[in-house]
Every structure is written in structure tokens, then in C-alpha cells.
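S.K.: Structure incoming, see below.
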Amino acid sequence: MHDVTATLDITREVCPMTYVRTKLKLESLGDGAVLEVFLKGDEPLKNVPRSAREEGHEVLTLEARPDGSHRLLLRKHGR
């Protein structure tokens, strides 16, 4: 179980704003923080974890939820 530092709900956002909002939230957190992101839709499901990895962050979990959304946990890493 990971201790969540902050939560972001982007289920109503569309690409590219899904990752823009995620990136801004990550930037506001300290290194090692865990961001919980709720997302919905094929593009965000593919693009948000990929973009986070490309920027050096760690994808801890990605799990489907009963309402059709997904819960993503990211650990922030500094560059």
C-alpha cells in the first residue's frame, strides 16, 4: 500500500489537458510524493502513464474501477 500525498481527478478532462493537469500537480509536489490520479477514456489511459514514465516518474499501479474509470498511482522523481 502506498501513502498518497495528493489526489487529482481528471475524469472530465480531455487530451492533452489530462497530462497537462497531471504534470502541473506533480510539479507542485516534492520528490518521492505519490500522486493518485483518477482518469477515464482510452487516450488518457494510454497517454498519462506513458508521459509520466517519459518524464522519469514511476507508475506504481494502474487499476480499473467499477465505474469505468481508472486509478493511477505515480511516484514523483526529480530530474
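S.K.: What is the packing order of peptides 36-48, 58-70, taking the mean over residues of other C-beta atoms within 10 Å and listing the highest first? Mind dumping the intermediate values first?
M.R.: Values: 36-48: 18.2, 58-70: 12.1.
Ranked by mean Cβ neighbours within 10 Å, highest first: 36-48, 58-70.
S.K.: Would you please state which residues of the stretch 37-67 a label at residue 14 would reach in this model, taking the label point 7 Å out along Cα→Cβ and a backbone N cut-off of under 16 Å?
M.R.: Only 40-45 fall inside the zone, counting backbone N under 16 Å.
S.K.: For the charge dipole of the chain, defined by +1 on Lys and Arg C-beta atoms and -1 on Asp and Glu C-beta atoms about the Cα centroid, which residue among 49, 62, 2 has the Cα displaced farthest towards the positive pole?
M.R.: About the Cα centre, the residue reaching furthest to the positive side is 49.
S.K.: I want the local charge near residue 71. Using Cβ-Cβ distances under 9 Å, sum +1 for each Lys or Arg and -1 for each Asp or Glu among the other residues. Intermediate results must be reported in sequence, preceding the final value.
M.R.: Values: positive: 65; negative: 36, 63.
Neighbour charge sum, excluding residue 71 itself: -1.
S.K.: If you place +1 on the Cβ of every Lys and Arg, -1 on the Cβ of every Asp and Glu, and leave all else neutral, what size is the dipole of the chain about its Cα centre, to the nearest 20 Debye?
M.R.: For this selection, approximately 100 debye.
S.K.: Follow-up question, since we're still on this one. Please list, by residue number, everything in the stretch 8-27 whose backbone N is under 19 Å from a paramagnetic label point 7 Å out along Cα→Cβ of residue 42.
M.R.: 11-19
S.K.: To the nearest 500 deg cm²/dmol, what mean residue ellipticity at 222 nm is calculated for the chain from DSSP H runs of n ≥ 4 alone, each contributing -39,500 (n - 2.57), summed and divided by the residues?
M.R.: Computed mean residue ellipticity for the chain: -9500 deg cm²/dmol.
S.K.: OK, next. Principal axis lengths of the chain from Cα atoms, whole Å, largest first?
M.R.: That works out to 31, 28, 17 Å along the principal axes.
Laboratory data are not the source of any read-out in this text; all were calculated from the coordinates shown. Because the structure is predicted, anything quoted here is derived from the model rather than measured. With ideal geometry, Cβ positions are generated from the backbone for all residues, glycine too; neighbour counts draw on all protein chains shown.
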